[in-house]
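Okay, structure first, notes after.
The values are calculated or read from the model by the stated rules, or taken from the named source; none is laboratory data. Small disclaimer: the values here were computed from a predicted structure and weren't measured. As a convention, Cβ positions derive from the backbone with ideal geometry for all residues, glycine included, and neighbour counts pool all protein chains shown.
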Amino acid sequence: MGETTATMKITYREALKQSIRDALHQDERAFLLGEDVGRYGGAFAVSKGLLKEFGPDRIMDVPLSESGFVGAGIGAAVGGMRPIVEVMTINFGLLAFDQIANNAATLLHMSGGQINVPVVIRMGCGIGRQLAAQHSHSWEPLFAHIPGLKVVSVGTHEDARSMLLAALKEPDPVILFEYTAMLNLEGETSTDFQPVDLTHAKIRRVGKDVSIITYGAGVYKSLQAAEALAQAGIGAEVVDLRVLRPLDDKTVMASVSKTHRALIVEEAWQSVSISSEVSARITEQCFYELDAPVRRLGGVEVPIPYPKHLEDGSIPQQEQIVSATKKLLQHD
Amino acid sequence: MIEFRMPSLGADMEAGFLREWKVKPGDLVKRGDIIAEIETQKGIIDIEVFDEGIVGELMIAVDEKVPVGTLMTHILSAEEATADILPAQRKVETKKMAPATAIKQREEEISIQATAHHLRASPLAKKVAAEKGIDLSKITGSGPDGAIIREDVEKAVTDLIAPGPPTEKTAADNIRMAVAAAMSKSNREVPHYYLQSRVDMSHALSWLAETNKQKSVKDRLLPVVLLIKATAKALIDVPDMNAWWDNGLQRKKDIHIGFVVSLRTGGIIVPGIHDAGKKSLDELMKTLNDIIPRARTLRLKSSELADSTITVTNLGEGAVESIFGIIYPPQVALVGFGGITEEPWAENGMLAVRSVLHISLAADHRATDGNTGSQFLAAIKKHLMQPEQL
Amino acid sequence: MTEDEIRPIINKLLKKVAPETEPEKLKPDDNIQQTLAMDSFDYLQFIIGMDEEFGIKTPEEDYGRIMTLRDLLGYVMKIKK
């Protein structure tokens, strides 16, 4: 400590773009492929301008066939390249699910350890842009279910800036979830390049009374909730899981063993979710540290509605995180 | 069917708070079993049952204030129990219900059972309680649905170490009030008479010193056991002193000697030494070793507070020679032993220095007269002169 | 053993027998039993504790010689020289 690092304001979108630029500069085997990533600049303008900088061999527009181009990415990875596949939104990711679950995740095993698949598949996901039931999915639990994949979630600007670079160093397939609702959100990141790992959950805020365990779009909401809770004298610790598979049990258990209470927040439907898994592990691994039952706050189990107020009501918001935490602490 | 009513734990007691049932309906109990814990001004008292049988319906809820004499439960015979408890269950089983209702009812039964028999405490609270040696059943939970959480256990630990805030009534205050009430009533209603005598303890003390030489430090006898035993034997000689006054003199068959224990925080408590006449000196010492610490920590059984037939007070530790005490009703006598000090002693026309004990008697003039009292003191003296017979 | 070693042990033993008291405030010539309002039963418990702690056997006739703190310290020091 003591040394001050310069910070700069940057949008989540810009942080993602800079990470792709860095990736392409650092490794000549790396290239981006996806629908409209080149001439159009990306469906969400994440890759705007990159075609001009890197040319069509490295910023590659592909036909509208998720199964086809995700498969091509897997093939390129097997062939020695470092493909970054952009799936416009996770909703279309289902069309590539067979490629991911049956090829990317299994080839190392099926080849007796001979064939690694170092592909990175980026998917836009999340709720909050009024895209209705078919375009507002939170499939993180679905992918985190599959052995053979590493599944990570970009919940902060820091991770938006650096996670892709760490993902490209992995020898095995990485599914990287980005949150489209956060693209315009400005945040501070260090101007220095700070590498991140793909192993650990991170304590985003330290607190002594309760652990709020979350990921993705839940991280900033939980941090805001923690700020509000601090006004009420409650010290909430915010744990950003970051890596959804394999889960970093050690960080979670250390936090819960300190605060003795856990609230797990996620946007995905609560049943059979990341929070189900984390809750089970807490009970298995630190039951005798618990001073209250583990609580979960997940998405309402309905197809995500189109109207703004209903859409907002279908996922945990800051106020609900605050009230659930207070209830857990009996602080009403 | 035997009615089990809230016992009186002394003339000064009007009511107590039921803190815990130690039995449930259908439990088999026998004489001497602890049936409940009652909080009184004298601390938490274990209430014993005096009959054998099966516990019936519990008619008092925990933490309810229970006046003396209130019916708390029944002690049933086996036949009565089948008739009394089981029909209620049978009714539930045979009642015709829609399946959904049946399931709901079943769930309710299960959940009620769970609440009744399973202590609600967080895993952490249980862990901390085990580490600190705290009995969770004595703690009120402040967590969800009354569950005990860590904070409650830690509060219990602090309460154990540090006394509560000064605004709250302490156990010492309660005892002070109880003593005040009992002594005022006695002084108001009981016509006391007082007698005093002296006894040469030289022989008894040297006999005791010799006896103690054969014993390890732990088993050594204190002079007070001689005094208690001599009193018990004198009560056999003069049975009118071993009695209660309750619309007339009622002699008591058993000799239970109430022994005054001073609390350093103020107040006294008088646990009973049961069957003092039948106990050897060693057994009496053992009883004192058991009962005094429990009296000091206010953990006595109901019978130890309820059935004493006389009181002995021994102020021999301080500088006093004599005590003129106040009787603890419904008893009719109180024997006071002062300190044993060296005094000039005239005997057979000669003057000598002896270890002398002053014995006093406070007695109820409704029950006995000075002559009986005098015989009683003479009997105590006689027994103290023959320690080897005690 | 020195006085400084014995005194805390004595305090601890007295505190155990009479938890409501403050043995550390005893002055050398105070009568321990009277100052701490201990009865003969308490004092016997204290002597039992002392015998166990120091591994000594205090005969009954010596009880009268250890009524004050000064006497008591001297008594133990003499035995544990």
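Looking at the structure I just gave you, is A:F69 in a helix (DSSP H, G or I) and either assigned by TED's automatic domain parsing to the domain that holds A:V85 or loosely packed, with under 15 Cβ neighbours inside 10 Å (or both)?
yes
How many residues does segment A:169-186 contain that are surrounded by fewer than 17 Cβ atoms within 10 Å (Cβ to Cβ) and either hydroxyl-bearing (S, T, Y) or not in a loop (DSSP other than H, G, I, E, B) (or both)?
Counting residues in segment A:169-186 that are surrounded by fewer than 17 Cβ atoms within 10 Å (Cβ to Cβ) and either hydroxyl-bearing (S, T, Y) or not in a loop (DSSP other than H, G, I, E, B) (or both) gives 1.
Go through segment A:308-320 and count every residue that is aliphatic (A, V, I, L, M) and in contact with a strand residue (DSSP E or B) (Cβ under 6 Å, 6 or more places away or on another chain).
Kept after step one, since they are aliphatic (A, V, I, L, M), are these residues of segment A:308-320: A:310, A:315.
Add one more test, that the residue is in contact with a strand residue (DSSP E or B) (Cβ under 6 Å, 6 or more places away or on another chain), and what stays is A:315.
Number satisfying all stated conditions: 1.
Among the strands (runs of 3 or more DSSP E) confined wholly to segment B:240-309, which include 3 or more residues that are assigned by TED's automatic domain parsing to the domain that holds B:K215, touching a Ser or Thr at 6+ places or on another chain (Cβ under 6 Å) and among the aliphatic types (A, V, I, L, M)?
Counting at least 3 such residues, we get no strands (runs of 3 or more DSSP E) at all.
Within the set of pairs 6 or more residues apart or between chains, which connect a residue that is within 16 Å of B:Y328 (Cβ to Cβ) and touching a residue at least 60 places away in the same chain (Cβ under 8 Å) inside segment B:176-201 to a residue that is buried (at least 17 other Cβ atoms within 10 Å of the Cβ) and of a type in the set (S, T, Y) with Cβ atoms less than 7 Å apart?
B:A182/B:Y328; B:S186/B:Y328; B:Y194/B:S360
A quick yes/no check of all residues on (1) surrounded by fewer than 17 Cβ atoms within 10 Å (Cβ to Cβ); (2) within 14 Å of another protein chain (Cβ to nearest Cβ); (3) in contact with a Gly (Cβ under 7 Å, 6 or more places away or on another chain):
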{"residue": "C:I10", "(1), (2), (3)": "no, no, no"}
{"residue": "C:K15", "(1), (2), (3)": "yes, yes, no"}
{"residue": "C:P23", "(1), (2), (3)": "no, yes, no"}
{"residue": "C:D42", "(1), (2), (3)": "no, yes, no"}
{"residue": "C:I48", "(1), (2), (3)": "no, yes, no"}
{"residue": "C:T58", "(1), (2), (3)": "no, yes, no"}
{"residue": "C:D62", "(1), (2), (3)": "yes, yes, no"}
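Quick one: A:Q231 ticks every box in (1) free of Cβ contacts under 8 Å to residues at least 40 places away in the same chain; (2) closer than 29 Å to A:H135 by Cα; (3) not hydroxyl-bearing (S, T, Y) bar one, so which box is it?
For A:Q231, the failing item is (2).
So which of B:L298, B:L226, B:L235, B:L249 ends up being closer than 19 Å to B:K42 by Cβ and more than 10 Å from chain C (Cβ to nearest Cβ)?
Within the list B:L298, B:L226, B:L235, B:L249, the selection yields B:L298.
Filter segment B:24-43 for residues that are among the aliphatic types (A, V, I, L, M) and either out of contact with any strand residue (DSSP E or B) (no Cβ under 9 Å at 6 or more places or on another chain) or buried (at least 18 other Cβ atoms within 10 Å of the Cβ) (or both) and give the result.
Selection gives B:V29, B:I35, B:A36, B:I38.
Filter segment A:277-318 for residues that are of a type in the set (S, T, Y) and in a loop (DSSP other than H, G, I, E, B); which is farthest from the other protein chains (Cβ to nearest Cβ)?
Ranking the candidates gives A:Y306 first.
Which ones in segment A:1-33 are farther than 17 Å from A:A160 by Cβ and either outside any helix (DSSP H, G or I) or under 22 Å from the mean Cα position of the chain (by Cα) (or both)?
Of everything in segment A:1-33, those that are farther than 17 Å from A:A160 by Cβ and either outside any helix (DSSP H, G or I) or under 22 Å from the mean Cα position of the chain (by Cα) (or both) turn out to be A:M1, A:G2, A:E3, A:T4, A:T5, A:A6, A:D27, A:E28, A:R29, A:A30, A:F31, A:L33.
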